[in-house]
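Step one of this worksheet: look at the structure below.
What follows is calculated from the coordinates using simple rules that are stated; it is not laboratory data. What you see is a predicted model, and the numbers here were worked out from it, not measured in a lab. Here the Cβ is made from the backbone with ideal geometry for all residues, glycine too, and neighbour counts use every protein chain on show.
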């Protein structure tokens, strides 16, 4: 009876609405993430179009602020976080030798919260006064004064937080309980490790954000004064609480990317990962440090010198485990027998470009210099190097790496390489000049700028449109691969190691019905 | 699979590089007097010089590390590839190597932290006596400067004409970095800034001084500077503070001690003159002229140059019920502010920012401009009575 029920496969819309299958839910997450990449990307293009020339041409400053704010919220909560959860859903059960996630119904729910949350968030744009315009950081008291779309945003963030925490619980329960016999923790693939640690970060950080936005809500409507100095509150307290969530959030968005790179590089170097154990410990150290460095986002608020020194030293320390990771990736490539299929190109670009973002992060940690960088385009360049060429390009690499396994078809390698080079080149054309803009003194979040910033802004805008349009090719390749193509072998890649490559391509509905044995 | 790389990477790199070169050439040729500023502006204080030194040194260290690590990686990519018949080695795990590449970065970081700490402690020295104290208050979207001992108090707002912003006129040299009345300070003196805000968080930033400090409503932050040379130094608000965040520049004029003393006495005589203004009875034309100027400095950011406002956000002035209704209510609205359910943004209170004469001029202007036909003339004495 139970098995008969298990094998029921509804079709059409019902399949997706009621699915409890980790692969279907993973697909939903990934497609949702892709959709949001385009929604958030379109907003970024509005911003870049306005910034192509000095003067106001296309949008008014209030709408410009809505675009920068929504771009960030959509990309962070809609594209990057759900994207990685999609990878986790598809890969974790296959990598640990389990049939599915541990809590399949909750899995369904954590996905289906998302479309509703984003409907709520995006509908803010059509409310009186427009969408939230105070930046994704929602700093009080600007956010306590905004229109009613701020309330929509707050409720949307609550829903997103619930979704993330449920997803994280599911991942922890799955990884800790459903590993195949013999797979000890220290035998888990690194992608599993990085997600396990990320899940703990999510559970610790998301409720803090929920608390912060709840206080905003009560300040706005119920007469509290948490962030209002006139009532005995403190606007800076909001920033402390926000960044206590916000910095772990940064690592929530990058640790799974570390995991993906750590799967891809050994495969195409045909050589085991150098220093598996130190990679695990480095990930855990980064996760720990992420909770004690939050105030480096707010060095200019007027902290005591002792506080600034503490946060400077703690932040600089993160460079040590991050360096360990980069050195390990390079050492894995060293004396390998490398080939350069699209996933490998993405993984190499990830290591290379993420390190640029890491080094500019180290510069930002130096408090006296940070006073010059804070809230300029230097920061914008920095976090796009870690978030786009870090998180997003790792996901693109991961998509090319596992797409043959997921669909049973090889993608078109020529088009894959075109997509890689277009993305990598236009990304750098877009964001590299922004370092210069920031150093030369251009503040972020401004719709118009002084004349000396014109040239680099033009280069950046041209790059942004190239980068945006190149992603249409990504969609084309994915659709083409889903619909057909050369049959993929089970192992797909010559150097692939791990349980997922022992399954057929595409894998069976319940990944491992019989648990495999690990040597 | 390995030869895929050669077959596609070649043309892809070539066409990508060709495209990028094309873009660069186009930009270089179209902008003759291109600025391409790529580093911190020339420092004007010893602190800014130290910051620049730190910035350059740490950047250099980062570049060296980057070149070493990725030199190794690209060598490996070139040499250790399957298409050259390279056979993979099997080594992995080495505690010695791991310890080495944990320890070396740590010591480099200690080397960076020492000079950074020294500079930071010099910057945070707010205990040494200052020669001049200026209180800086951020407002949406202008700065207020108060010289606490000299009893001078004024606002400093963007002076770039809206025609330039809307691309109806050619943009001036200091487009968006010019104000009606700059902050004036003497060179060679320690000037302490007490920084706060009136509404939301702003951030007062002059790159050449190496000073950036958030202006937070309800709290006072401290910072200081000692400028080396005379000149005009320009910066901007650095913290998102609402719609016109991009339009509240900071301009500081550093002058010699003598010129500063002269400037102070000029300010005092101007204050006496403006006190006399509020006593006299004004004609309609005078008020309309003054009101137009005061409107564009104080009201235009929200209510618009043509008085059209912004739907659902800021109410229009053209055809406004307030501008057609009782005079007292209109004056009170400007002085004390209010909030309606219809528009998202509240009207801020201007009582502390504007003189009686300016309020009278603005109210007169709003009631008789933009096609409004209230027809009345408001005197400073009427405003004074409602304060």
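Highest mean packing comes first when the peptides B:223-235, A:251-263, B:92-104 are listed by Cβ atoms within 10 Å, giving A:251-263, B:223-235, B:92-104. Spin-label model, residue A:106 to residue A:119: label points 7 Å out along the Cα-to-beta-carbon direction sit 2.5 nm apart. Summed over all non-identical Cα pairs, the Kirkwood treatment of the protein assembly as shown gives a radius of 29.5 Å. For region B:80-230, the average shadow cast by the Cα convex hull is 18.7 nm², which is a quarter of the hull's surface. With the convex hull constructed from alpha-carbon coordinates only, region A:386-465 shows a mean projected area of 6.3 nm² over all directions. Distance between the 7 Å Cα→Cβ label points at residue A:57 and residue B:66: 3.0 nm.
Quick one: in region A:200-244, what % of C-alpha pairs are over 15 Å apart? Percentage above 15 Å: 43. Residues B:162, A:164, arranged from fewest to most other Cβ atoms within 10 angstrom of their Cβ, appear as B:162, A:164. Centre-to-centre separation between the Cα atoms of region B:347-385 and those of region A:429-474: 43 Å. With neighbours defined as other Cβ atoms within 10 Å of a residue's Cβ, the residues B:241, B:302 order from fewest to most as B:302, B:241. Each part reduced to its alpha carbon centroid, region B:214-243 and region A:357-420 end up 33 Å apart.
Where does region A:23-110 land on Rg/Rh, using Cα atoms and the Kirkwood Rh? With Rg and the Kirkwood Rh in hand, the quotient comes to 1.21.
A simple spin-label model places the labels of residue B:57 and residue A:177 5.6 nm from each other, with each point 7 Å out along Cα-to-Cβ. Counting Cβ atoms of other protein chains within 10 Å of each Cβ in A:462-472 and taking the mean gives 1. Among beta bridges from DSSP that stay inside the protein assembly as shown, the antiparallel ones total about 70%. Counting only other chain Cβ atoms within 10 Å of each residue's Cβ, the peptide B:245-257 averages 2. If Rh is defined by the Kirkwood formula over all Cα pairs and Rg also comes from Cα, what ratio Rg/Rh do you get for region B:195-286? In region B:195-286, Rg relative to Rh is 1.08. Shielding of peptide B:37-44 by partners, expressed as the average count of other chain Cβ atoms within 10 Å per residue Cβ, is 4.
Taking Cα atoms only, the orientation of helix A:342-365 departs from the longest principal axis of chain A by about 30 degrees.
Compute the distance from the alpha-carbon center of region B:163-206 to that of region B:95-109, in whole Å. Between the Cα centre of region B:163-206 and that of region B:95-109, the gap is 46 Å. When the alpha carbon gyration tensor of region B:148-240 is reduced to an equivalent ellipsoid, the three semi-axes, largest first, read 25, 18, 13 Å. Arrange A:297, A:382 by Cβ neighbour counts within 10 Å, fewest through most, would you? Going from sparsest to densest Cβ surroundings: A:297, A:382. Two decimals, Cα atoms only, Kirkwood Rh: what is Rg/Rh over chain B? A ratio of 1.12.
Based on the reciprocal of the average 1/r between different C-alpha atoms, the Kirkwood radius for region A:84-138 equals 13.9 Å. Computed per residue of chain A from DSSP H runs no shorter than four, each worth -39500 (n - 2.57), the mean residue ellipticity at 222 nm is -22500 deg cm²/dmol. Quick one: among B:36, B:147, B:365, which has the greatest mean-square fluctuation in a GNM of chain B with alpha-carbon springs under 10 angstrom? Judging by the Gaussian network model, the answer is B:36. Taking all C-alpha pairs of region B:269-381, those more than 24 Å from each other amount to 18 percent. Over chain A, Cα pairs under 8 Å with separation of 6+ residues give a relative contact order of 18 percent. For chain B, take the longest principal axis of its alpha carbons; what is the angle in degrees between that and the long axis of helix B:2-30, to the nearest 10 within 0 to 90? It works out to around 30 degrees.
Relative to the longest principal axis of the Cα atoms of chain A, helix A:319-333 runs at roughly 40 degrees. Treating r as the C-beta distance of residue B:125 and residue B:258 and R0 as 35 Å, the FRET efficiency rounds to 0.80.
Normalised by residue count, region A:153-226 yields a Cα convex hull volume of 81 Å³ per residue. As an equivalent ellipsoid, region A:49-181 spans semi-axes of 37, 16, 11 angstrom, where each value is the square root of five times an eigenvalue of the C-alpha gyration tensor, largest first.
Which residues does a label at residue B:280 reach in region B:340-361, if reach means a backbone N under 15 Å from a point 7 Å past the Cα toward the Cβ? Correct set: B:357-358, B:361.
Residue-normalised convex hull volume from the C-alpha trace of region A:186-341: 124 Å³ per residue. In region A:306-419, the inverse of the mean reciprocal separation of distinct Cα atoms equals 16.0 Å; this is its Kirkwood hydrodynamic radius. For the pair residue B:49 and residue B:386 in one chain, pulling the backbone fully straight at 0.36 nm per residue adds 116.2 nm over the alpha carbon distance. Here is how the number arises for chain B: DSSP H runs of 4 or more residues each give -39500 (n - 2.57), the sum is divided by the residue count, and the result at 222 nm is -14500 deg cm²/dmol. What the pair-distance distribution of chain A shows, using all Cα-Cα distances binned every 10 Å from zero, is 4, 18, 30, 28, 14, 5, 1, 0 percent.
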